[in-house]
Amino acid sequence: MPVADADAAIRLTDTDAALARLSAVQKRYLEDPFVKHLVPRAHLQPPRAPLINIGTFVRTTAIDDLVFRWLQTSASEGTRCQIVSIGAGSDTRFWRIATGAHKDALATYIELDFPEITTKKAMAIRKSKELSAVLKDVKVSHGGTGIASANYHLLPADIRLPPDAALANHLPSNILSPTLPTLLLFECVLVYMAPESSAAVLRWFVERQTGPLGSIVYEMFRLQDSFGRVMVENLKARNVSLPGAAPYPSMESLPTRFTSVGFSAAQALTLKDIRKSYIPTSELERIAHLELVDEIEELELVLDHYAITWGIRAPPERVWGQWGLVKATTAVVDED
Ligand SMILES: C[S@@+](CC[C@H](N)C(=O)[O-])C[C@H]1O[C@@H](n2cnc3c(N)ncnc32)[C@H](O)[C@@H]1O
């Protein structure tokens, strides 16, 4: 398959992610006043199946929790932090943080994606008062393919290229401080690239950043079993291949993504585990009333093939060593 077609198919996965988020918001699983400004003709989009809405709810709630804990830890250490979202697509997390309870803990939020995606997002931001009002001193950059502002940067880059070209050019120290606590987000991105390329990206940050470094990866795994093979075939029919999944056939393999490139600790949980033990009961009860789901076994099978893995590079004795998801009995639901 020509590379251009394969990349177009990868970029289309952003439309899926954005429509899934919109659907979960329309059906009241999630609150997100910004998503409708990033999805064309949002009011005409049909909702997704309940199973997809629940998956989107579990994934978003858990990643939000990890991100808010990072912001809280920064604040408790008396510092602000920066977040770099790679393959950010039409994600709205920056706007939710910048208008939420932890906004003062955020120094900068940086998003990278293919230029075709960042051009569309830059246009949507310029068109929407709600989105642009959250940015400070905003300017269009990179010939219309990016956005520069005091608290948010949108940058066009193919992160499969060697990091010294793809990242170093875009992330000078006046945009990405080498010393502030830095959280890297890869939400359903690395699975589309060769494992060597994603390891090179992670290593670049490990070598460059001197402050606490955290990272969150969300993606499918365990694709070697019969259900996983069906997922692979379905995506192949849409010209999408998943070279990044090969090294991760099991739960045990997931943390090695981080520990093999210099992170000091890492953990992984499936969405099935997270739904069972890491989402507050009040939230589970609330969403149980939203839609009828009779296929619980099927839901659990799907959720068992998606995982959130997080890694940290910081001295373990410091408070950063405690960063991670916490079981629901002690979990704090952010009321933003
Ligand atoms: C499934 S979407 C996820 C979008 C967003 N992270 C979310 O969860 O809503 C995958 C995104 O990764 C981006 N992506 C994939 N490979 C990339 C690469 N080599 N360089 C930059 N972006 C890439 C795609 O363009 C797409 O926007």
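Below is a table of values for the structure above.
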item: Selection count, the range 173-197, where residues are within 16 Å of PRO243 (Cα to Cα) and more than 9 Å from the ligand (Cβ to nearest atom); result: 3
item: Some residue of the range 148-157 being within 15 Å of the ligand (Cβ to nearest atom), under 22 Å from LYS120 (Cβ atoms), touching a Leu at 6+ places or on another chain (Cβ under 7 Å) and not aromatic (Phe, Trp, Tyr); result: yes
item: Enumeration of residues in the range 3-59 that are of a type in the set (S, T, N, Q), away from the ligand (no atom under 13 Å from the Cβ) and more than 20 Å from HIS305 (Cα to Cα); result: GLN26, GLN45
item: Subset of the range 111-145 (residues that are β-branched (Val, Ile, Thr) and either open to solvent by 30 Å² or more (accessible area, probe 1.4 Å) or within 16 Å of the ligand (Cβ to nearest atom) (or both)); result: ILE117, THR118, THR119, ILE125, VAL138, VAL140, THR145
item: Test result for ARG80, open to solvent by 20 Å² or more (accessible area, probe 1.4 Å), in contact (Cβ under 8 Å) with a residue 12 or more places away in the chain and not aliphatic (A, V, I, L, M); result: yes
item: Subset of the range 73-95 (residues that are within 13 Å of the ligand (Cβ to nearest atom), hydrophobic (A, V, I, L, M, F, W, C) and not in a helix (DSSP H, G or I)); result: ILE83, VAL84, ILE86, ALA88
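The values are calculated or read from the model by the stated rules, or taken from the named source; none is laboratory data. None of the values given here were measured: they were computed from a predicted structure. Cβ sites come from the backbone with ideal geometry, for glycine too, and all protein chains shown count toward neighbours. For accessibility, only protein heavy atoms count, side chains too; no ligands or nucleic acids. Shrake-Rupley method; radii C 1.70, N 1.55, O 1.52, S 1.80 Å.
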